[in-house]
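The values are calculated or read from the model by the stated rules, or taken from the named source; none is laboratory data. Note that the coordinates shown come from a computational prediction; the quantities given were computed from them, not determined experimentally. Glycine also receives a Cβ, built like all others from the backbone with ideal geometry; neighbour counts cover every protein chain displayed. These accessible areas exclude ligands, DNA and RNA; they are computed on the full protein's heavy atoms, side chains included. Shrake-Rupley method; radii C 1.70, N 1.55, O 1.52, S 1.80 Å.
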Amino acid sequence: MSSVAAQDRRSAATAPAEAPASSPGRRLSRKHREWLAAGLFLAPDALGLLVFVAVPMVLSIVLSFFQVSGFGSYEWIGLGNYERMMNDPLFWDSMKITGLYVVILVPVLFCVSLALGLLVKQKLPGMGVYRTVLFLPYVISLVVVGVLWKFLLDEQTGAVNRAMRAAGFDGESWLGSPSLALACVIAVMVWVMMGYYMIIFLAGLQEIPKEYYEAAKLDGSGPWTTFRTITWPLLRPTSFFVLLMSTVAAITGGLDLIFVLTNGGPANGTSLAIFYIYQQAFGFGEYGYASAMGSFLVLIMVAVSAVVFKFTRGGRFDDGE
């Protein structure tokens, strides 16, 4: 027996050692795995923002300190472009027009989109078709939209004036008057954007529990009271998103539509700041000056966004502390 035991001990000594169990400390915790997965999902967007937004913005700020000639030569002039901007009456006229444009467009777009969201939430026959029709203008190129409405609003042959004359009214020079032209641009932008924000409002409305409306109905609450006490308070985060995004879009967007529909006219009546910057850069080759104005416009946009955050308390409006 002793020889057998000794042989077993020798066999155990010569056998290869088993790999030790992996230490739990070497594995990523669940929290770290979640952070890693989130980072991998966000990496493409983060890379895109870095390459196509952050880097161009930094280069634009740097370029604003140079005088760039049409032949590609760069001359350092420091704050010269900003001094020129401060003394440029056409730029400040474009800023005034932009301010008026934003002040009118954003509230009108907000109210129309909210009304449409409430409307298409109703369970009526063919509502899916109505939603599609209302959303359709948003997916059309602004260039196509501009060509379409320029044809419709033409003073002589436009369908709008023809309909007015057939009804016994005098036609209007819709795109020939500075005030009417700006109003037409705002109306067309509302027509284009309302479908998108309608869908945003519809998504917010569908998140409100139906039990709240059923309880309000049992209490005898009317439509206005139900909206004021249930719908509006629970829709405030969505309203904040729509208000912020539409404001930013109004300040920085609409260039394609302005270029095709009015080309900034008449008498610079629709020359928004973004259009004036485009003219200086690609019409006159003033890239440094355009970069300075663009940097200033971004600063204004950030300030307006901060005011919106402050005014709405980050979407809580008057309920948060």
> Which is the longest stretch in the chain that no exposed loop site breaks, taking sites as chymotrypsin sites (Phe, Trp or Tyr not before Pro) with a DSSP loop state and at most 16 other Cβ atoms within 10 Å?
Replying inline: 170-283
>> Taking the full set of protein chains and a 1.4 angstrom probe, give the accessible area of Asp45 in square angstrom, rounded to the nearest 10.
In response: 110 Å²
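The stretch 113-157: D in µm²/s via Stokes-Einstein (Kirkwood Rh, Cα pairs, 10 °C, 1.306 mPa s)?
On the way: Rh = 12.6 Å.
Estimated diffusion coefficient is 126 µm²/s.
Given DSSP loops and a limit of at most 11 other Cβ atoms within 10 Å, what is the longest stretch of the chain that contains no such trypsin sites (Lys or Arg not before Pro)? Walk me through the intermediate numbers first.
Values: sites that count: Arg27, Lys123.
That gives 124-321 as the longest site-free run.
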> Using modelled amide H (1.01 Å from N, peptide plane; none on Pro or chain starts), what sits under 5 Å from the amide H of Tyr74, excluding residues fewer than 5 places away?
Replying inline: none
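So for the stretch 263-316, Kirkwood radius off the Cα pairs, Stokes-Einstein at 20 °C and 1.002 mPa s: how many µm² s⁻¹? Working shown, then result.
Values: Rh = 12.7 Å.
Calculated translational D: 169 µm²/s.
Please state, rounded to one decimal and in Å, the Kirkwood hydrodynamic radius that the stretch 56-213 gives when every pair of distinct Cα atoms enters the mean of 1/r.
Details: mean 1/r = 0.0505 Å⁻¹.
Hydrodynamic radius (Kirkwood, Cα only) of the stretch 56-213 equals 19.8 Å.
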>> What percentages make up the Cα-Cα pair-distance distribution of the stretch 145-188 when the bins are 5 Å wide from 0?
In response: 6, 25, 29, 26, 11, 2
> For the chain, what does -39500 (n - 2.57) per DSSP helix run (n ≥ 4), summed and divided by total residues, give at 222 nm, in deg cm²/dmol to the nearest 500?
Replying inline: -21000 deg cm²/dmol
> Relative to the longest principal axis of the chain, what angle (0 to 90°, nearest 10) does the C-alpha long axis of helix 142-152 take?
Replying inline: 20 degrees
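Report the charge-dipole magnitude of the chain in Debye, nearest 20, computed about the Cα centre from +1 at each Lys and Arg Cβ and -1 at each Asp and Glu Cβ.
Its charge dipole is roughly 1220 debye.
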>> Shape verdict for the chain, please, from the Cα gyration tensor: rounded (a/c under 1.5), prolate (a/b greater than b/c) or oblate.
In response: oblate
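Taking the Cα centre of the stretch 167-321 as origin, sum charge times position over the Cβ atoms of Lys and Arg (+1) and Asp and Glu (-1), and report the length of that vector in debye to the nearest 20.
The dipole of the stretch 167-321 has a size of about 220 debye.
Considering Cα pairs under 8 angstrom that are at least six residues apart, work out the relative contact order of the chain and quote it in whole percent.
On the way: 298 pairs, mean separation 83.3, N = 321.
About 26 percent, as a whole number.
Given R₀ = 41 Å, FRET efficiency for Leu50-Ala166 by Cβ-Cβ distance, to 0.05?
Working: r = 56 Å, r/R0 = 1.37.
Given R0 = 41 Å and the Cβ-Cβ separation, E is 0.15.
Once Rh is set to the Kirkwood radius over Cα pairs, what Stokes-Einstein translational diffusion coefficient, in µm²/s, holds for the stretch 164-320 at a temperature of 37 °C and a viscosity of 0.692 mPa s? Each step should come with its number before you reach the end.
On the way: Rh = 19.0 Å.
So the translational diffusion coefficient is about 173 µm²/s.
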